[in-house]
Every structure is written in C-alpha cells, then in structure tokens.
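Engineer: Take this structure first; my questions come after.
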Amino acid sequence: MLHGIIVCNQTNGHNEHKVKRFLEEAPLLDMELTTVVNDGTVAKIEDGNAIIDLKCDFIIYLDKDIYLAKLLESKGYKVFNDSNFIRLCDDKILTYISLVNKGINMPKTYSAPLIFDDHLNEDNYNFLAKVGNDLGYPLVVKRAFGSLGQGVFLAHDLDELKKIYSENFNQPLLFQKYIQSSYGKTYRIIIIDGKIFGAFMRVNKSDFRSNFGVTASSQKIKLNEKEASFARKIADLLQIKYAGIDVMFDEKGEPILCEINSNAFFEEFEKVTKLNVAKAYLEMIKNNL
C-alpha cells in the first residue's frame, strides 16, 4: 500500500473539499493518506541541511508555499505538483512568459515596473498613458498573484487606471487588452497526466470575471478540435501533471489563454461534469511514481 501525505495551508478554505475527496478515493486505490498542516514548522534548515520528519511515498501539495515545496524536493520527496510548476502558475506574469514565442494565443500584455518605494511620484505614472493608448479602454489590470477573480480590475479610462495602479503598485501587476467577446465567459479545462480529462464553461452575466461572486454559473461542455488542440499544446509544452487551463475566446471564436491553475479546485467541476477528478489525480500519482 502506498502512503501519501496531503500538505495543506493553515486555512484550508476551498481545499477542504479536495482533501475530503482524496481521502474517500485513496482506499479504493490501495493508498493511505494523512494530512499535514503547513504551520511553518514542517521543515527547517539546520547546519546547512534540510531537516524534515515526514515518512511517505508521495506528497499531494495543496499550498502555494513554494519554499516548503522546494525543501521537500531537496530531500527527495515526490511532490505533486512540483514547486517549479506551482511557481510558474501562481505568478500570472511567469505563466505568460513561459509560453511566449510558442504559438499560444494570449492577450496583449504589459507587466508593470517594480516600485521599491512606499509611495509614488508623478514619474511613476508616466508609462500608464502609453499602456492605455496601446491596449485601449477598458483594459484589465491584474495582480500577478491571486485567485477566484480577486485582484482583477477593469479600468475604463486613464484616471481609473491611475487609481487602480496607486492602490496596487506595491505588488507585481500586469495590464491586458480586454477581451470583450469573452465577457463573463471562460472554459475551464482540466488536465491530468498530460491529457484532457474534461471541461466545463463558467458564465457570469453580471461581471466580466466568470469566476467571481454568486452570479457565476457552470455547465458541462464538449470541446471542439480547435479548443482541444489548444489545451493539448499547452499541456505538452509545460509537461502538466495536473492543472486547470482557463480559456477565453476572441470575436472569431479563437481560444485565448486566460490563466493556468496548478492547484485547480474541482468541487464544481465534479458536480457539473460527473467526472471523478480525485480518483484520476491519485491514479496519475501512481503512474508517475
């Protein structure tokens, strides 16, 4: 029997369902799982070595703390997903950079210059006019780190863009062309072990963010070949073990990458599609050990 550990953040939040589902499916696959909370004391560096006292065959990593993930990997633990992939997906700017020059359609994007002061001066705003002129209004402003639609804003003019920037400049930001044709609508495509496992559509008729607030809804879909080919190409390029690829569409129906979630929640996905993500995830781990 394989023994695995689920590493959770101190605040489980939306991962609570994932933990429950993994614990339900594991015994059916001759696997035993226990949970460990990342409270900051799971690992330490002492005398130049990583000190970790966990005994397991693999780790399901449901946290975004790449520092602990890297320490675990340094000691030979098999971590799913690995720290490099978590970092690449958690930072939306890195996500786009990892796929540039590879034929992946994505929104026109600028990343904001980093500011190391605790306040802005007039010179710090100068680049915004150029960004606005090129992207047009409204345009999307995103914090590089965030989920569930939080930290994503729509600027309708330069004054609003300056206001959003002034309230968020102390963290990495990106500015993107607004895809009006995909207002409140995205596809979530689940990839498991490099293959498309299933997909559903999220629709929000009262907000441009498809996954934000109580007005969002979901429905099962079947991808056409163009959409499936787009997702497969990303999965191959990034060697994805598990992720949710979020896709928007331009006015011609061409898929555009929105973002990739290395730790995609699947409660809604399982409910809508009736597909068993937890079982497939655990089978992926078995295949990769």
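The values are calculated or read from the model by the stated rules, or taken from the named source; none is laboratory data. Source: prediction; values computed, not measured. Methodologically, a virtual Cβ is constructed for each residue, glycine included, from the backbone with ideal geometry; neighbour enumeration extends over all protein chains shown.
Engineer: Residue 217: at pLDDT below 95, in a strand (DSSP E or B) and more than 15 Å from the chain's Cα centre (by Cα), yes or no? I'd like the intermediate steps shown before the answer.
Structural biologist: Working: at pLDDT below 95: yes; in a strand (DSSP E or B): yes; more than 15 Å from the chain's Cα centre (by Cα): yes.
Answer is yes for this residue.
Engineer: Return yes or no: is residue 118 of a type in the set (Asp, Glu), in contact (Cβ under 8 Å) with a residue 40 or more places away in the chain and not assigned by TED's automatic domain parsing to the domain that holds residue 264? Walk me through it before giving the result.
Structural biologist: Working: of a type in the set (Asp, Glu): yes; in contact (Cβ under 8 Å) with a residue 40 or more places away in the chain: yes; not assigned by TED's automatic domain parsing to the domain that holds residue 264: yes.
When the stated conditions are applied, residue 118 passes them.
Engineer: Also: Looking at the range 239-265 only, could you name the residues that are part of a loop (DSSP other than H, G, I, E, B) and among the small types (Gly, Ala, Ser)? Break it down into steps so the answer makes sense when it comes.
Structural biologist: Initially, the range 239-265 is screened for residues part of a loop (DSSP other than H, G, I, E, B), giving 239-241, 250-254, 262-265.
253, 262, 264 - these are the residues of the range 239-265 that are part of a loop (DSSP other than H, G, I, E, B) and among the small types (Gly, Ala, Ser).
Engineer: Residues of the range 266-284 being outside any helix (DSSP H, G or I) and either buried (at least 20 other Cβ atoms within 10 Å of the Cβ) or of a type in the set (Asp, Glu) (or both), which ones?
Structural biologist: Taking the range 266-284 first, the residues outside any helix (DSSP H, G or I) are 266, 274-276.
Matches in the range 266-284: 266 only.
Engineer: Only one of 53, 39, 47 is outside the structural domain of residue 280 (by TED's automatic domain parsing), out of contact with any helix residue (DSSP H, G or I) (no Cβ under 9 Å at 6 or more places or on another chain) and at positive phi; which? Let's see the steps before the verdict.
Structural biologist: Values: 53 fails: at positive phi; 39 fails: at positive phi.
Exactly one of 53, 39, 47 is outside the structural domain of residue 280 (by TED's automatic domain parsing), out of contact with any helix residue (DSSP H, G or I) (no Cβ under 9 Å at 6 or more places or on another chain) and at positive phi, namely 47.
Engineer: Still on this structure, I have one more. Give me a count of the residues in the range 141-172 that are without any contact (Cβ under 8 Å) to a residue 40 or more places away in the chain and among the hydrophobic types (A, V, I, L, M, F, W, C).
Structural biologist: 6
Engineer: Do you know which residues across the range 110-151 are part of a loop (DSSP other than H, G, I, E, B), modelled with pLDDT of 85 or more and of a type in the set (A, V, I, L, M, F, W, C)?
Structural biologist: Result: 112, 114, 115, 116, 120, 144, 145.
Engineer: For residue 98, state whether it is in contact with a Lys or Arg (Cβ under 9 Å, 6 or more places away or on another chain), of a type in the set (Ser, Thr, Tyr), surrounded by 15 or more Cβ atoms within 10 Å (Cβ to Cβ) and within 30 Å of residue 280 (Cβ to Cβ).
Structural biologist: On the way: in contact with a Lys or Arg (Cβ under 9 Å, 6 or more places away or on another chain): no; of a type in the set (Ser, Thr, Tyr): yes; surrounded by 15 or more Cβ atoms within 10 Å (Cβ to Cβ): yes; within 30 Å of residue 280 (Cβ to Cβ): yes.
In short, no.
Engineer: Scan the range 152-171 for residues that are closer than 13 Å to residue 128 by Cα, aliphatic (A, V, I, L, M) and outside any helix (DSSP H, G or I) and jot them down.
Structural biologist: 155
Engineer: Taking residue 85 as meeting all but one of (1) modelled with pLDDT under 95; (2) closer than 19 Å to residue 244 by Cα; (3) of a type in the set (Phe, Trp, Tyr), write down the number of the exception.
Structural biologist: Checking residue 85 against (1) modelled with pLDDT under 95; (2) closer than 19 Å to residue 244 by Cα; (3) of a type in the set (Phe, Trp, Tyr), the one that fails is (1).
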